[in-house]
1. How big is the shadow of the Cα convex hull of segment 1-57, averaged over all directions, in nm²?
2. What are the equivalent ellipsoid semi-axes of segment 53-95, built from the alpha-carbon gyration tensor (square roots of five times its eigenvalues), in whole angstrom, biggest first?
3. Show me, for segment 37-52, the HN-Hα J-couplings you get by feeding each phi into the Karplus relation (A = 6.51, B = -1.76, C = 1.60, θ = phi - 60°), rounded to Hz, glycine and proline as x.
4. Quick one: length gained pulling Leu41 to Asn27 fully straight, 0.36 nm per residue minus the C-alpha distance?
5. Using the Karplus equation 6.51 cos²θ - 1.76 cosθ + 1.60 (θ = phi - 60°), what ³J(HN,Hα) coupling, rounded to whole Hz, does each residue of segment 61-71 give in order, writing x for Gly and Pro?
6. Just the number, please: Stokes-Einstein D of segment 30-77 in µm²/s, Kirkwood Rh from C-alpha pairs, 37 °C, 0.692 mPa s.
7. I'd like the Karplus ³J(HN,Hα) series for segment 5-12: coefficients 6.51, -1.76, 1.60, θ = phi - 60°, whole numbers in Hz, and an x wherever there's a Gly or Pro.
8. As a test of the definition: which semi-axes, in Å, follow for the chain when you take the square root of five times each eigenvalue of its alpha carbon gyration tensor? Largest first, please.
Amino acid sequence: MTVIYFLLAGFLIGLILRKFNKEFILNLIFERMVNGAIFLLLFSLGLLVGSNEKILNNFSEIGFVAILISLSGILGSLFIGFFINKFFYGDENEK
């Protein structure tokens, strides 16, 4: 429930700040913050995986399944994205 409160608070603050036309600066700042948070999470995940002996011992089994799941997710996203792009922006992209 806390996540929803933070999401709603950010949404409301964004609506208020949009009225002051600070959109460009906020987008630049938040884009850098989000990228930093993503890199920190990826680093933490790599640190946890690298320090877990069970994962390293079973890496060949886990690795194959992980690659299969990742490729399925990527291909599914591309497939759906292609059709959404055609459905919503079909005429605009052909120009």
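1. Its Cα hull, projected and averaged over all orientations, spans 5.3 nm².
2. After diagonalising the Cα gyration tensor, the semi-axes are 38, 7, 6 Å.
3. In residue order, the calculated couplings are 5, 5, 5, 5, 5, 5, 4, 4, 5, x, 5, 5, 5, x, 8, 8 Hz.
4. Working: separation 14, 0.36 × 14 = 5.04 nm, distance 2.07 nm.
Roughly 3.0 nm would be gained on extension.
5. Using θ = phi - 60°, the values come out as 6, 5, x, 5, 5, 5, 5, 4, 5, 4, 5 Hz.
6. 261
7. 4, 5, 4, 5, 4, x, 4, 5
8. 35, 26, 13
FYI, it's all coordinate maths here, none of it is from the lab. Keep in mind it's a predicted model, so treat the numbers as computed, not measured.
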